[in-house]
Amino acid sequence: MLTISIVGAVLHAEDSLAQKKKKKDAQTPAPAAQAPARPQNGGNNNGPKPYKEVITAKAKTSEGLFKVHQIEDKYFYEIPDSLWNRDMLMVIRIAKTADGIGYGGENTNNLMVRWEKNGDDVLLKVVSVNNYAADSLPISMAVKASNLEPILQKFAVKSKGTDSTGTVIEATDLFSKDNQALGLQRNRRTQYRVTRLDNERSYISHIHSYPINVEARYVLTYAASEPPSNSATGLITLEMNASMILLPKEPMKQRLADRRVGWFARSYVDYGADAQKATTRRYLDRWRLEVKPEDVEKFKRGELVEPVKPIVYYIDPATPKKWVPYLKQGVEDWQKAFEMAGFKNAIIAKEAPSKEEDPTWSPEDARYSVIRYFASDIQNAYGPHVSDPRSGEIIESDIGWYHNVMNLLRNWFFIQTAAINPDARKVQFDDAVMGRLIRFVSAHEVGHTLGLPHNFASSVAYPVEKLRDPEFTKEFGTAPSIMDYARFNYVAQPEDKGVSLMPDVGPYDKFAIMWGYKPILEAKTPEEEQKILDQWILDKNGDPVYRYGRQGNSYDPTTQSEDLGDNAVLASEYGIKNLKRIMPNLMEWTAEADKPFKDYSDLEEMYGQVIGQFNRYMGHVRTNVGGVMEIYKSTGQGEAVYTHTSKAMQKSAVDFLNKQLFATPSWLMDEAIISRIGDFGALERIRGIQVTTLNGILEWGRLGRVIENEALNGNEAYKITELFDDLRKGIWTELSAGKTIDVHRRALQRAHIERLELLLTGEVSVPAQFRSFFGPQINASQSDIRPMARGELKTLQSQIRAAIPRTSDRLSKLHLEDALARIEKILEGESK
């Protein structure tokens, strides 16, 4: 208010001075008139023009939510009066990308927007949904006062619509000029040192209008000092897509989230809640599945009913015909889950109609959800969805399916099952085998579009030995959720005939869909639903099949990617047995009889897959050291959320690593294979896995958890002294008998010394912007880590001195003399 008053006073003073000056200089000739300022955003200083002067006969018009008129390289929106102040969602994606910048289909921004009239201008405002209070509450005025809506763009009114119920604006600049919200994200601009948008190389490809959405496709070229590819050009070019989708006039009733059931959810700060603080309200992203009024009594009796509007997925016409049935099956595998929620035919897959069948059908029409097929060498598929930020209602979804995901599936299936599965012992799978793999991934991605995130706790629900049981796995699959990264059954052994090799939509998935979608007709509000939803969870309490574990918890050994079974040591031992069966056959299984002149690229790729799978096993086991299991509970359950991994399991994990990894895995060094795929690097591959695993065990945060475990649980904990002793005994086994130390072990032992030096002299360093992500950090200088590192170096110093005289191998002796010199230098430098 003060600023406005001052500005007003200045304006009045200038006005008064101008009046006096006018009288004094009445005879002074007026200066020449200045040229009017150039109008912005297609503005017109003379106000709106007649419709036909703006939308000329040259216009190409697309009918839909708005009429979109194209006149040469300009685009005009004709906005109906009925859509002023209506909530719309603007979804920004990368359509085509430069090498190194994301992937086609990547979502870069979501904005809820409203179109508003302001005199002869139209404002496109971004509406915040981060803070909320019901309009009926007094505090809503304070919330609105603290959340002024930013104006994304201002447009001059060009004309009235043909029937005087619409307004014409020019929308060209919205997409062809540098609007950060609709273009390259800020972090990537910083990373690639973008200086400006090159307007001469930026343009609109097309804007199409559909009944509930407008799709804009535009090309943006940026000048950049450090582009990720084609650096000589100093340019980055992206093709972007902006979808503007009309949201329902009446938002769907929310269903409140609970972290004990995995679900994509959104939130806002609810200032209107009856609490003595600003509370966060979280609610699910889900499709609007409703019982038809005439079927309510059937539903109450427990009969399956069809929803008012089912979820329908169309298969992209560009999809190779032989894969279409498998993609459709992946969609409809979820039928049985929705039956748990009380619905039949709730989710359906259809082939997209041909041009002859429906010339108006388009995959860009937001009324249609589509599995889009991309001719790309990217080895991926993804399952996004567009949802109403006010309620969580999923409006539509386009699953992205890249052609080369088949190579990824081939590699996984080969490495994880070829030891027991003849169908996987070749580089070109039969169509039926590949089709089944496509169905598996299709079902997984559809699960994401229904609202389910990854459930990384699912794969540990079944005992390892049960994964070798044909009867059990045929009934329950290899994991209770297809939303885990359980992959394929690497535990099964050749004698386990008929065992299932992959997960399916399982019991957890069915429960989660029921929990999120089953209508609770007697509840009028989300709060009234909570007691019933909570009881559904409590009914499954303690059963690992129905546990949810979030992705990204790096210290929880029960929520890991691509693991199987309830014991990582036992499962990995079985997995390694199978890798040892694959290695001698790798050249035969990657050869093709009808291609005798092919090179060894397939052999090289699959050998890399063997190394990668072995490395996964090491990671699965390592996470148990200093591990902490996280199982979400509510306060009413009165149970612990965090539990340290048992002492026996941690010790077993270190013993496994000493045996399988730190004792040189020479079976991986097959000279026949190595001599065909490269001139150098075999030793480095093994060294890299050994060192990465060792450093991962002796990592600040992990050691901090080991120390805290002992402080909390005493002798029941695996102590840091025991950990350091067990590692030293495994890594330096040769010292006691003066044995020859091979090249792998020499490198590993040097790495051990270097890591101890880091623990003795280094500092924990986590950038400020990542501290909230990594959580509390240990204070290295005040912890027990430095004394332990110093003690280990002194113990090694003594043991190496004693071992040198009894070591006869020359290179081993030189190595020990070097190791002793390194340790002495560290200790001398540390004492100064």
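Structural remarks
- Subset of the range 707-729 [aliphatic (A, V, I, L, M), over 15 Å from L748 (Cβ atoms) and in contact with an Asp or Glu (Cβ under 9 Å, 6 or more places away or on another chain)]: I707, A717, I720
- Checking each residue in the range 418-452 for being β-branched (V, I, T) and touching a Lys or Arg at 6+ places or on another chain (Cβ under 9 Å) picks out I420, V427.
- Residue in the range 503-526 that is acidic (D, E), without any contact (Cβ under 8 Å) to a residue 24 or more places away in the chain and either over 20 Å from G342 (Cβ atoms) or part of a helix (DSSP H, G or I) (or both) present: no
- Members of the range 76-132 found to be among the polar types (S, T, N, Q) and assigned to a strand (DSSP E or B), listed by number: N107, T108, N109, N110, N118, N131
- Residue in the range 350-361 that is crowded, with 22+ Cβ neighbours inside 10 Å and touching a helix residue (DSSP H, G or I) at 6+ places or on another chain (Cβ under 8 Å) present: no
- Considering the range 162-247, the qualifying strands (runs of 3 or more DSSP E), each wholly inside and each with 2 or more residues that are modelled with pLDDT of 95 or more and under 24 Å from the mean Cα position of the chain (by Cα), run over 235-246.
- First in the range 792-821 and more than 15 Å from S736 (Cβ to Cβ), second anywhere and of a type in the set (D, E, K, R), Cβ under 7 Å, 6 or more apart: E792/R728; Q797/E824; H815/R746; A819/R750; L820/R801
- Residue ID - surrounded by the most Cβ atoms within 10 Å (Cβ to Cβ), chosen from residues in the range 362-392 that are aliphatic (A, V, I, L, M) and at pLDDT below 90: I378
- Taken over the range 670-684, the criterion of being surrounded by fewer than 19 Cβ atoms within 10 Å (Cβ to Cβ) and within 24 Å of R755 (Cβ to Cβ) is satisfied by G681, L683, E684.
- Qualifying position, being over 21 Å from G619 (Cβ atoms), in a loop (DSSP other than H, G, I, E, B), touching a residue at least 60 places away in the same chain (Cβ under 8 Å) and out of contact with any His (no Cβ under 8 Å at 6 or more places or on another chain), among I741, I753, I707, I778: I778
- Hits in the range 181-224 - residues which are within 15 Å of I236 (Cα to Cα) and either free of Cβ contacts under 8 Å to residues at least 24 places away in the same chain or among the charged types (D, E, K, R) (or both): R186, N187, R188, R189, T190, R193, R196, D198, N199, E200, R201, V219
- Qualifying residues in the range 793-832 (those that are crowded, with 17+ Cβ neighbours inside 10 Å and of a type in the set (S, T, Y)) - the one nearest to Q749 (Cα to Cα): S812
- Hits in the range 728-775 (condition: of a type in the set (A, V, I, L, M, F, W, C), surrounded by fewer than 18 Cβ atoms within 10 Å (Cβ to Cβ), modelled with pLDDT of 95 or more and farther than 17 Å from G696 by Cβ): V743
- With respect to the conditions (1) surrounded by 17 or more Cβ atoms within 10 Å (Cβ to Cβ); (2) small (G, A, S); (3) under 20 Å from N624 (Cβ atoms), S554 falls short on a single one, namely (1).
- The residues of the range 465-491 that are part of a loop (DSSP other than H, G, I, E, B) and not small (G, A, S), listed by number, are D469, T478, P480, I482, M483, D484, Y485, R487, F488, N489, Y490, V491.
- Search result, residues across the range 480-508 that are within 20 Å of V261 (Cβ to Cβ) and in contact with a Leu (Cβ under 7 Å, 6 or more places away or on another chain): M483, A486
- Among the residues of the range 94-134, those that are under 24 Å from the mean Cα position of the chain (by Cα) and among the small types (G, A, S) comprise A95, A98, G100, G102, G104, G105, S128.
- Residues that are more than 17 Å from V569 (Cα to Cα), of a type outside the set (V, I, T) and surrounded by 24 or more Cβ atoms within 10 Å (Cβ to Cβ), drawn from the range 478-505: A479, P480, S481, M483, D484, R487, F488, P503
- The set of residues in the range 85-116 that are basic (K, R) and at pLDDT 95 or above comprises R86, R114.
- Of the strands (runs of 3 or more DSSP E) contained entirely in the range 260-341, those carrying at least 3 residues that are in contact (Cβ under 8 Å) with a residue 60 or more places away in the chain and of a type outside the set (F, W, Y) fall at 265-270.
The values are calculated or read from the model by the stated rules, or taken from the named source; none is laboratory data. No experiment lies behind these values; they were computed from the predicted model shown. A quick note on method: Cβ atoms are made from the backbone with ideal geometry, for glycine too, and the neighbour counts reach across all protein chains shown.
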